[in-house]
1. Using a 7 Å offset from the Cα along the Cα-to-Cβ direction at both THR71 and VAL102, what is the distance between the two label points in nm, to one decimal?
2. Pulled fully out, how much extra length does the chain show between GLU95 and ASP137, if you take 0.36 nm times their separation in residues and subtract their Cα-Cα distance?
3. Could you work out, for the stretch 59-157, what percent of all Cα-Cα pairs fall into each 5 Å distance bin, beginning at 0 Å and stopping at the bin that holds the largest distance?
4. Give the ranking of GLU77, GLU196 by solvent-accessible surface, highest area first, calculated with a 1.4 Å probe.
5. Round to the nearest 0.05 the FRET efficiency obtained for ASN202 and GLU157 when R0 = 45 Å and r is the Cβ-Cβ distance.
6. Along the charge dipole of the stretch 103-156, pointing to its positive end and built from +1/-1 on Cβ of Lys, Arg, Asp and Glu, which listed residue (ILE122, ASN138, GLY156) has its Cα farthest out?
7. Treating only the Cβ of Lys, Arg, Asp and Glu as charged (+1, +1, -1, -1), what charge dipole size does the stretch 105-179 show about its Cα centre? Round to the nearest 20 debye.
8. Quick check: Cα centre of the stretch 66-104 to Cα centre of the stretch 135-161, how many Å?
Amino acid sequence: MTPHVQVRRISPPSEGLGRALRGKVFGSPASDFAFFSLGTVVGLFSTVDYNCNMTLEELVACDNAAQKMQTVSAAVEELLVAAQRQDRLTVGVYESAKLMNVDPDSVVLCLLAIDEEEEDDIALQIHFTLIQSFCCDNDINIVRVSGMQRLAQLLGEPAETQGTTEARDLHCLLVTNPHTDAWKSHGLVEVASYCEESRGNNQWVPYISLQER
């Protein structure tokens, strides 16, 4: 006998996909449920329009991507804290540019951080374009990051600067690994793997979002 699953009648897109399916079995009124063989469930999702026309496989892929993003974001946070503690973090666009000109081989990761409200900053975008080009030419892993507030929190930046204290420029961060030291961290390995995987998918500058806490 062909196995069946029970699917609640499709709800409008605004009610969300999660409310369209129910894992219940036979016994509810026929007017409320439709019965599909397992072999036709994927076809159902392929034909129903949810605005983005996503198949079941694509939904699973999106969920996996979201989990991957969380894992990589946590790895970036861990890496930044460890790098700063061990004096392996260069902070600032100009400071980073100087280091890459002098010793690009010591740089193992470049983070370009910007929030949506700064996207129209032409000067900053020009700096980013030049840095991205340099990193690609020198095989330096590079990641775009959003969540400046979380970044400042991770690096211990004061909420407000006072007197002559000037806030550091967190738009560009370099993680370095001097040639005389084989320093590694779980976060560095995780982020490097993510960068390599992204390049394999023709995404040369992957993006992650740091969430406020």
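The values are calculated or read from the model by the stated rules, or taken from the named source; none is laboratory data. Owing to the predicted nature of the structure, the values given are computational and were not obtained by experimental measurement. Methodologically, a virtual Cβ is constructed for each residue, glycine included, from the backbone with ideal geometry; neighbour enumeration extends over all protein chains shown. Ligands, DNA and RNA are excluded from the accessible area calculation, which covers all protein heavy atoms including side chains. Shrake-Rupley method; radii C 1.70, N 1.55, O 1.52, S 1.80 Å.
1. Result: 3.7 nm between the two label points.
2. Numbers: separation 42, 0.36 × 42 = 15.12 nm, distance 1.92 nm.
Difference between extended and current length: 13.2 nm.
3. Per 5 Å bin, starting at 0, the Cα pair percentages come out as 2, 10, 20, 22, 21, 15, 6, 2, 1, 0.
4. Working: GLU77 15, GLU196 125 Å².
Sorted by accessible area, descending: GLU196, GLU77.
5. Numbers: r = 35 Å, r/R0 = 0.77.
About 0.85, to the nearest 0.05.
6. GLY156
7. Details: 3 positive and 14 negative charges, 70 e Å.
Roughly 340 debye, rounded to the nearest 20.
8. The distance from the Cα centre of the stretch 66-104 to that of the stretch 135-161 comes to 7 Å.
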